[in-house]
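The values are calculated or read from the model by the stated rules, or taken from the named source; none is laboratory data. These numbers were taken from a predicted model, which means no experiment stands behind them. Positions of Cβ are generated from backbone atoms using ideal geometry, with glycine treated the same way; all protein chains shown enter the neighbour counts.
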Amino acid sequence: MAESMKGMHRSHRCTEVSSANIGETVTVMGWVQKRRNLGSLIFIDLRDRSGILQIVFDEPKVGVEGFAKAGTLRSEFVVAVTGTVEKRTAAVNENLKTGDIEVIASDIRILSESETPPFPIEEHSQTKEDLRLRYRYLDLRRPDIQRNLMMKSKVAMLLRNFMEKEGFLEVETPILTKSTPEGARDYLVPSRVHPGTFYALPQSPQLFKQLLMCAGYDRYFQIARCFRDEDLRADRQPEFTQADMELSFVDVDDVIDVNERLLQYVFKEAIGIDVQLPIPRMSWQEAMDRFGSDKPDTRFGMELVNVSDIVKECGFGVFTVALEQGGSVRGINAKGQGAMPRKKIDKLVEFAKGYGAKGLAYLAVNEDGTYKSSFAKFMTEDELKALVEKMQGELGDLLLFAADKNKVVWDVLGALRLELAKQLELLDKNQYNFLWITEFPLLEWSDEENRFMAMHHPFTMPMEEDWGKIDSDPGAVRAKAYDIVLNGTELGGGSVRIHQNDIQEKMLEVLGFSKERAHEQFGFLLDAFAYGVPPHAGLAYGLDRMVMLMMKCDSIRDVIAFPKVKDASCLMTDAPNVVDDKQLEELALSIQVTAQEEKIV
Ligand code: ASP
């Protein structure tokens with residue numbers, strides 16, 4: 001039967017007990033990790049979120065009743081133990097923080113019993129994630145997940161410390177709100193009081209933080225939950241946390257300055273990493289040209305090389321047609337991989353096709369100086385020589401080429417570069433390469449929508465020197481937008497905002513917003529700007545991602561207490577679920593169920 005804690009107080013967490021407490025009486029509480037019976041002695045490993053402590057039950061010390069109780073303990077029983085700290089008599093366990101001591105119990109209470117858990121509560125679990133997520137409350141007991149969540153709490157605290165010191169105010173913004181234009185689909189919440197209308201959950205606090213700037217709160221930050229109904233992607237969560245900020249009377253360099261110091265402070269205090277300042281900056285164009293990505297992993301080379309000039313008149317149609325259609329031919333050099341078997345190369349070709357390539361051309365420079373290539377027969381000796389030279393190809397290298405529209409070539413080679421780095425183990429997990437990407441294009445053409453879309457969001461300021469091109473060549477206008485990238489992952493991003501009405505109006509026009517629609521969607525922001533708005537800029541970090549990188553986790557789910565899976569459902573609560581007819585009636589909603597899906601009309 002479960003006992004109460006009456007009169008018993010926890011004195012220490014398990015690993016707060018150390019050899020400094022030898023001889024003292026302590027009371028610890030937690031879960032039984034395992035029990036071993038050694039005849040006249042019973043041992044348990046007691047676990048709480050700090051770690052493990054060995055408890056010894058010896059009948060003369062704990063009494064007949066206590067010893068009998070200890071004999072019934074099974075994994076995950078919750079117990080309270082009082083006892084004396086002693087130096088371990090048996091061998092010291094080097095793997096445990098408390099490996100040199102043990103507690104000799106004088107009293108034990110069983111606070112609750114446990115059924116056999118569906119999987120072992122252990123570090124580096126081999127259990128399938130689906131099962132762990134169904135019993136997330138058990139999974140959360142595992143030390144690796146506990147460490148991640150403790151780190152997340154610490155990082156949030158460090159961020160708050162830093163922001164407070166720098167004069168930022170933490171201000172909450174609404175969760176029940178109107179659509180924010182971050183480019184994903186909104187989650188909608190029906191209104192009962194206003195039947196037929198909906199709130200949107202915020203994709204970010206963007207509009208509100210800009211309004212706070214209008215209102216004079218010149219440095220704002222918030223650890224804010226954001227919601228985005230994006231298509232199924234393995235490592236996305238429908239709700240996630242941003243460390244969000246906005247500053248008034250600033251330009252790009254001011255935002256970068258404060259954030260560099262923030263990163264330096266947080267990474268040092270959280271994981272002891274020294275971030276060297278200034279963090280290097282690279283324009284978007286350079287990042288695409290050199291790495292085929294706007295979030296390059298700069299821990300290794302294998303940079304892209306544009307060989308369009310060399311192949312433009314060659315006899316290989318794949319190259320020349322791509323160039324005629326305004327595309328490019330680029331390559332990467334997989335150093336020393338010239339002997340890669342054909343089968344493996346074929347796999348790389350398949351991989352490239354997954355990123356939109358029609359194929360992948362290759363040329364291996366054999367050790368004897370001859371070539372093994374998918375296209376050499378279409379080229380002259382001189383052309384081949386020039387190509388290999390431009391690629392800095394040496395004996396034993398494998399050169400891989402993509403020919404297509406620039407965007408496809410960048411996507412393919414950018415992804416291939418990363419894939420090869422993984423295969424060749426070029427990624428040093430202990431290296432932290434930070435990089436600012438700046439001067440993003442303001443607009444991005446969408447074939448689907450047949451119009452320009454904002455690359456960041458519609459409130460992002462164009463670069464003054466490019467604004468003149470907004471009518472003649474809108475795609476060439478760069479923005480005062482920046483991303484902070486760590487080891488190939490976007491850690492955060494932001495921009496200087498438009499605070500001039502004429503620029504904002506023009507921007508909305510280019511994006512295809514009618515005056516009415518713009519007013520309907522964010523008229524309150526445009527109105528606010530009519531009453532005196534300071535120049536302002538901001539940035540938001542993905543907090544989950546930041547902690548994921550700090551803890552070297554493979555998945556964002558490992559740093560979120562109750563995550564959802566790929567189809568945005570929660571395996572533990574079964575959300576989303578159907579609701580009562582009465583609730584629907586109150587909301588003036590009826591459900592139309594088709595064979596495959598449930599649709600709200
Ligand atoms: N609201 C932006 C985002 O969520 C960040 C920013 O511009 O500050 O990406």
- If you check every pair at least six apart or on different chains, which have Cβ atoms under 9 Å apart with a residue in the stretch 376-391 that is polar (S, T, N, Q) first and a residue that is not in a helix (DSSP H, G or I) second? 380/314; 380/315
- Only one of (1) surrounded by 15 or more Cβ atoms within 10 Å (Cβ to Cβ); (2) away from the ligand (no atom under 16 Å from the Cβ) fails for residue 476. Which number is that? (1)
- Query: Looking at the stretch 455-468, is at least one residue at pLDDT 95 or above and of a type in the set (S, T, N, Q)?
  - Reply: yes
- Taking residue 188 as the residue in question, decide whether it is closer than 29 Å to residue 455 by Cα and of a type outside the set (Phe, Trp, Tyr). yes
- Exclusive hit being closer than 25 Å to residue 249 by Cβ and either surrounded by fewer than 16 Cβ atoms within 10 Å (Cβ to Cβ) or without any contact (Cβ under 8 Å) to a residue 60 or more places away in the chain (or both), set 524, 529: 524
- Message: Against the definition (in contact with an Asp or Glu (Cβ under 8 Å, 6 or more places away or on another chain), part of a loop (DSSP other than H, G, I, E, B) and surrounded by 15 or more Cβ atoms within 10 Å (Cβ to Cβ)), how does residue 110 come out, yes or no?
- Response: no
- Task: Look through the stretch 105-124, keep the residues that are over 19 Å from residue 48 (Cβ atoms) and modelled with pLDDT of 95 or more, and return whichever of them is nearest to the chain's Cα centre (by Cα).
- Result: 119
- Got a sec? Which of 521, 431, 504, 500 is within 26 Å of residue 303 (Cβ to Cβ) and either away from the ligand (no atom under 16 Å from the Cβ) or over 23 Å from the mean Cα position of the chain (by Cα) (or both)? 431
- Residue list for the stretch 400-438, filter: basic (Lys, Arg) and exposed (fewer than 14 other Cβ atoms within 10 Å of the Cβ): 422, 429
- Could you pull out the residue among 358, 385 that is surrounded by fewer than 20 Cβ atoms within 10 Å (Cβ to Cβ) and outside any loop (DSSP other than H, G, I, E, B)? 385
- From 74, 35, which residue is outside any strand (DSSP E or B), touching a residue at least 12 places away in the same chain (Cβ under 8 Å), of a type in the set (D, E, K, R) and touching a strand residue (DSSP E or B) at 6+ places or on another chain (Cβ under 8 Å)? 74
